[in-house]
Amino acid sequence: MSRGSEDLVSDLGSSTAVAEQLTKHFKSGPDTVRAVDGVSFRLPRGKMVALQGASGCGKSTLLNLIGALDKPDSGRLIVDGIDVAQLGGSGEVAYRRLKVGFVFQMFNLVPQLSAIENVMLPMELAGAGNSGTLQARAAALLGWVGLPPDRHNRRPSRLSGGEQQRVAIARALANDPPLILADEATANLDSKTGALIVQLLRSLRGEDRTILIATHDEAIAKEADFVIVMKDGHLFASEPKLEEQPTKPLPKLEEQPTKPLSEGPPRPDRAFWDSLRRGLDELGR
Ligand SMILES: Nc1ncnc2c1ncn2[C@@H]1O[C@H](COP(=O)(O)OP(=O)(O)OP(=O)(O)O)[C@@H](O)[C@H]1O
Ligand SMILES: [Mg+2]
């Protein structure tokens, strides 16, 4: 860890993530695409932050950097005390399993696995507990996101888009990460289902869980606590210019999840965390 990054770690304060001069350029023939062009920002802990901007402005590239799906060319990025740009090998894998949960536009579920098996997969990969414990936790998460029990053993191809996205959200929550990254999570859904999914994502934010949602959609951005606007690889209206929106009460959901959202998704029990500790050790903590 570079000396500068240590300063950033100790300066994380009430932020889940902090970035300084984060840069990712792509070569495209003779041209350079400045997808993320020296951005600096803080993600306030426990909030839903919308990353809004036109197609091609760099939103997915930025999310991929934050999720360690891609490496920055330069700059610094600290997420939940981890110096992400410095991670390599097993540390990077452990970071992706334990620190971030992804929700994608195309749901990206494993087609050969049932809904419940898709949710169990990240826990299995993290070596968390026996299959009975994992199955019970996966069922509880699917119940919380509002997937009826008769759908738990269905493969994704036999679920609606909204149901698939609920499964993807339960999967993102499997290892209880502090940061959920949602990339155009409603773009493949009708507007009513999309609104329900945004409310579900919004209800995930809490003391120790932050949501970053990339979107073109003004209506979705309005649901966020903060909005960061991206244009041509640059960020605007980020802190300290951001002003907090008043928190709105959750509208009544037409499809009621089996448990009230206000309770929050089920947290893992102690035995589960003991099993995950090995993964955390890989992150060098
Ligand atoms: N692997 C890559 N190689 C070359 N260029 C890339 C690559 N990934 C992204 N780009 C380019 O970087 C720019 C930003 O792309 P990015 O996918 O981050 O935009 P976006 O804001 O997510 O767009 P959208 O809203 O359409 O999803 C675009 O010009 C894109 O063509
Ligand atoms: Mg994108």
**OP:** Quick one: grab the alpha carbon gyration tensor of segment 50-144, order the square roots of its eigenvalues as a ≥ b ≥ c, and give me rounded if a/c is under 1.5, else prolate or oblate depending on whether a/b is larger than b/c.
**Re:** oblate
**OP:** Using a/c under 1.5 as the rounded threshold, could you call segment 56-215 rounded, prolate or oblate? The axes a ≥ b ≥ c are square roots of the C-alpha gyration tensor eigenvalues, and prolate needs a/b larger than b/c, oblate otherwise.
**Re:** oblate
**OP:** Could you sort 126-137, 59-70, 20-31 so that the peptide with the highest average Cβ count within 10 Å comes first and the rest follow in order?
**Re:** 59-70, 126-137, 20-31
Subject >> Contour excess over end-to-end distance, with Cα ends at ASP73 and HIS216 and 0.36 nm allotted per residue >> reply: 48.9 nm
Original post:
Within the set LYS47/LYS231; LYS47/LYS99; LYS47/LYS71; LYS71/LYS231, which residue pairs have Cα atoms separated by over 18 Å?
Top reply: LYS47/LYS231; LYS47/LYS71; LYS71/LYS231
Original post:
Using the 10 angstrom Cβ neighbour count as an exposure proxy, how do ASP208, ASP190 rank, fewest first?
Top reply: ASP190, ASP208
**OP:** With +1 on each Lys and Arg Cβ and -1 on each Asp and Glu Cβ, and nothing else charged, work out how big the dipole of segment 1-159 is about its Cα centre, in Debye to the nearest 20.
**Re:** 480
**OP:** With both partners inside segment 96-211, how many of the DSSP beta bridges are antiparallel, as a percent to the nearest 5?
**Re:** 10
**OP:** Please work out the C-alpha center-to-center distance from segment 38-104 to segment 165-240 and express it in whole Å.
**Re:** 14
Subject >> Dipole of segment 15-132, positive end: most advanced residue of ALA85, ALA19, LEU69 [Cβ charges, Cα centre] >> reply: ALA19
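Quick note: the coordinates plus some simple rules give every number you see, no bench work behind them. Predicted model, so just to flag it, every value in this text is computed and none were measured. Here Cβ is always computed from backbone atoms with ideal geometry, including for glycine, and neighbour counts include all displayed protein chains.
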